[in-house]
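Step one of this worksheet: look at the structure below.
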Amino acid sequence: MGPSKYQPVAVKISGPHDNDKVLRYYDACPRFKRIQKSNGENGKFVRGPEVKQLVKNIETRLNLTGKVKLSAADAYNLWLLCAFETQVLGNMSSWCTLFNREDLKVFEYFNDLRLYHDYGYGKKFNQKITCHLINNIITSVKKFVSGDEKPHGHFRLVIWSTDI
């Protein structure tokens, strides 16, 4: 170690963001993309009465009725703007004024449904495809416990897709 009190650390990645088979398997696996595109339950909900009513509510609040037709994806992106700005600023953003409490609940439910069906353990395919990550974690812990590996941290970052 040099004059600095900080120890340099080598950072290993498991691949470029679109071909990271460990953490971003959903980007690196063509089969996963095909399965996700079918989005059965998610698609049913987006085409359902709750989301249709929510889109109409936003069109009305923006005085767009009869002028511009918003899609469910447009409304979802507005909801994301509200959520991200609220998180960053620490208070309700101006984007949130487009939604009433029930509207917010609709997209909160949709987002939970989407994450569960697209990435959760509810799909057998997801259970199988994540085995590599679980194996990677278990192997690392075993190596550390047995003394074969020096202590170090494994930091993993996943950025989720927000496509509707």
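The values are calculated or read from the model by the stated rules, or taken from the named source; none is laboratory data. Small disclaimer: the values here were computed from a predicted structure and weren't measured. Quick reminder, even Gly has a Cβ in these numbers, built from the backbone with ideal geometry, and neighbours come from all protein chains shown.
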**Asked** Is there any pair with a first residue in segment 21-41 that is farther than 17 Å from HIS117 by Cβ and among the basic types (Lys, Arg) and a second that is surrounded by 17 or more Cβ atoms within 10 Å (Cβ to Cβ) and at pLDDT below 75 whose Cβ atoms are under 8 Å apart and which are 6 or more apart or on different chains, and what are they?
**Response** LYS21/ALA28
**Message:** Here is a check on your reading of the model: is ASN111 surrounded by 16 or more Cβ atoms within 10 Å (Cβ to Cβ), polar (S, T, N, Q), part of a helix (DSSP H, G or I) and touching an Asp or Glu at 6+ places or on another chain (Cβ under 8 Å)?
**Reply:** no
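Determine, yes or no, whether ARG61 is surrounded by 12 or more Cβ atoms within 10 Å (Cβ to Cβ), of a type in the set (Lys, Arg), modelled with pLDDT of 90 or more and farther than 23 Å from ASP27 by Cβ.
Yes.
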**Item:** Answer residue from segment 3-58, given it is outside any helix (DSSP H, G or I) and closer than 30 Å to THR97 by Cβ and is modelled with the lowest pLDDT among those
**Value:** ASN39
**Complete:** Per the filter on segment 73-86, residues surrounded by fewer than 19 Cβ atoms within 10 Å (Cβ to Cβ), over 14 Å from the mean Cα position of the chain (by Cα) and within 16 Å of ARG114 (Cα to Cα) are ALA73
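Would you call LEU80 assigned to a loop (DSSP other than H, G, I, E, B) and either closer than 28 Å to GLU41 by Cβ or not hydrophobic (A, V, I, L, M, F, W, C) (or both)? Step through it out loud before you land on a result.
On the way: assigned to a loop (DSSP other than H, G, I, E, B): no; either closer than 28 Å to GLU41 by Cβ or not hydrophobic (A, V, I, L, M, F, W, C) (or both): yes.
Judged against the criteria, LEU80 is not a match.
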